[in-house]
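To start, the structure itself, in structure tokens.
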Amino acid sequence: MAKRLVVVGGVAGGTSAAAKAKRTNSQWDVVIFEKGPYVSYGGCGLPYYVEGEIEKKEDLVVRWPRQFREQGIEVYTHSEVKAIDVDKGEVEVYHAQEGQTRRYPFDALVVATGARPLVPPLPGRDLEGIYVLRTPDQGEAIRRELESGNVKKAVVVGGGFIGVEMCEALARWGVEVTVVELLDQILPPMDRDMADVVARYLEEKGVNILTGHGVEGFLGRDRVEKVVAGGEEIPADMVILSVGVRPNVDLAREAGIQLGSTGAIAANQRMETNVEGVYTAGDCAEARHIITGEPVYIPLGTTANKMGRVAGTNAVGGDAVFKGVLGTAVFKVMDLGGAMTGLTEKDASRRGIPYSVARITARDRAHYYPGGQRITVKLVYNSETGRLLGSQIVGRWTSVKRIDAVAVALYAGMTVEDFSRQDLAYAPPFSPVWDPLLVAANKAVR
């Protein structure tokens, strides 16, 4: 009788694990249980679907259940795993469409339960017109409201990456947007000086930004009409809650699967948990930071897919490792882009790492080539060893993918002097003869 791998959760980490497991060892039966109606969809594309850049929510789906079945992987949607019994090697699954609960044995398990959005229990939270954006169906509900033309003012609660991206989506529909952020800057993962470049741009585009304001509640009869923040009442026909996510670890905790210091599921480089035969991947799992070696929780789609491949390989007898993360991220808002990788200045300061900063603003094309724009590059490096620690970039959205070169340098353990010697491509439409990355590195070397 074939061995069975059960995968709990069918989005990025779970489907990557299942697909890789089947390719690694086709003799295993592989089963995915997913609570929602979709598997394998691009959640990072949701703001662009709301905006209308992506026409249909179905376009976000990477693979449909039938495509997994053609590969020999069984997929159950609308099927929520209610309990994991690691001693018996069974999962208890509620099939919502049938209204029935069944138990399924497993020889190996991958827990890929993802994350859940933080929804503060504030007064008025249940009023109509208040949304989180995590699934295609939630995106569809927001877009329908925008298409109705009844939304004139919107408040985005939380100024992180998704919150900033939603500014573009809402503005595209002619909506007046206000961002309310509890901290003293938007884009909390970035350093203040770099986040402020984005804030000034958004304000120039008509977005209202209120930092240092905590939301105290929502006012309205049946539907939201105002957001109360910092003692102010801000008119709102729609509210998008984007205050972050937390790892969805209830199932794991109840099953005796160990959580790490971040609150996510602890795992080694093979994505193994403390329970033999149980692996984890995706937004429910913690990772190791490549620079510091510390456990971190940085939920990103790229990370989830890589974790899933490793977990799936090892669950069916293969041998793979996940080396860790740098937190490399990129975002677009209107014509501006931002990107980051590795440690920020404030990260280094908190950890007591001796550091220096090189920050430059340059043109992203040759000075004589039409259409060049300003790009700001910040490098953080160890002031004693010269080792590169991290970078942040803000500029034209088509130019900030330069961050990938820094991510490779960080993975390789380069110093700023090593990085300054890199042979980066040059042509006038793409870069000055000295690319802004090299300008920043040369400043650090001096």
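The values are calculated or read from the model by the stated rules, or taken from the named source; none is laboratory data. Nothing here was measured: the structure is a model prediction, and the numbers come from that model. For neighbour counting, all protein chains shown are included, and Cβ atoms are generated from backbone atoms with ideal geometry for every residue, glycine included.
General observations
- Within the option set Arg200, Arg221, being more than 18 Å from Ile240 (Cβ to Cβ) and part of a helix (DSSP H, G or I) holds for one residue only, Arg200.
- For Gly89, the conditions (1) loosely packed, with under 15 Cβ neighbours inside 10 Å; (2) at positive phi are fulfilled apart from (1).
This table checks each residue for (1) surrounded by fewer than 19 Cβ atoms within 10 Å (Cβ to Cβ); (2) under 19 Å from Met166 (Cβ atoms).
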{"residue": "Thr178", "(1), (2)": "no, yes"}
{"residue": "Leu183", "(1), (2)": "yes, yes"}
{"residue": "Asp191", "(1), (2)": "no, no"}
{"residue": "Ala195", "(1), (2)": "no, yes"}
{"residue": "Ala199", "(1), (2)": "no, yes"}
{"residue": "Glu204", "(1), (2)": "yes, yes"}
{"residue": "Ile209", "(1), (2)": "no, yes"}
{"residue": "Gly212", "(1), (2)": "yes, no"}
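- Search result, residues across the range 378-400 that are among the hydroxyl-bearing types (Ser, Thr, Tyr), crowded, with 18+ Cβ neighbours inside 10 Å and touching a Phe, Trp or Tyr at 6+ places or on another chain (Cβ under 9 Å): Tyr381, Ser399
- Taking the criterion of being among the aromatic types (Phe, Trp, Tyr) and over 22 Å from Pro299 (Cβ atoms), the residues of the range 44-88 that qualify are Trp64, Phe68, Tyr76.
- Qualifying residue in the range 155-174 (condition: crowded, with 17+ Cβ neighbours inside 10 Å, touching a Leu at 6+ places or on another chain (Cβ under 7 Å) and over 19 Å from Thr211 (Cβ atoms)): yes
- Counting only strands (runs of 3 or more DSSP E) that sit wholly inside the range 91-185, those with at least 2 residues that are more than 21 Å from Val333 (Cα to Cα) and hydroxyl-bearing (Ser, Thr, Tyr) are 100-105.
- Here Tyr38 does not qualify as under 27 Å from Gln138 (Cβ atoms), surrounded by fewer than 23 Cβ atoms within 10 Å (Cβ to Cβ) and modelled with pLDDT of 95 or more.
- Only one of Ala83, Ala141 that is touching a residue at least 24 places away in the same chain (Cβ under 8 Å), hydrophobic (A, V, I, L, M, F, W, C) and surrounded by fewer than 17 Cβ atoms within 10 Å (Cβ to Cβ): Ala83
- Inclusion of Tyr49 among residues that are in contact with a helix residue (DSSP H, G or I) (Cβ under 6 Å, 6 or more places away or on another chain), surrounded by 14 or more Cβ atoms within 10 Å (Cβ to Cβ) and farther than 23 Å from Ala281 by Cβ is warranted.
- The number of residues in the range 13-57 that are in contact (Cβ under 8 Å) with a residue 12 or more places away in the chain and part of a helix (DSSP H, G or I) comes to 21.
- Contact map, the range 262-279: residues that are farther than 21 Å from Glu90 by Cα paired with residues that are surrounded by fewer than 18 Cβ atoms within 10 Å (Cβ to Cβ) and of a type in the set (Asp, Glu), Cβ distance under 9 Å, separation 6+ or inter-chain. Pairs shown: Arg270/Asp319.
- Of Leu300, Leu388, all but one fail to be more than 28 Å from Arg172 (Cβ to Cβ) and not assigned by TED's automatic domain parsing to the domain that holds Phe161; the exception is Leu388.
- The residues of the range 224-264 that are basic (Lys, Arg), closer than 28 Å to Asp283 by Cβ and assigned to a strand (DSSP E or B) amount to a single one, Arg246.
- Every condition in (1) aromatic (Phe, Trp, Tyr); (2) buried (at least 23 other Cβ atoms within 10 Å of the Cβ); (3) at pLDDT 95 or above holds for Tyr94 except the one numbered (2).
- Flag for Thr292 being polar (S, T, N, Q), outside the structural domain of Leu389 (by TED's automatic domain parsing) and touching a residue at least 40 places away in the same chain (Cβ under 8 Å): yes
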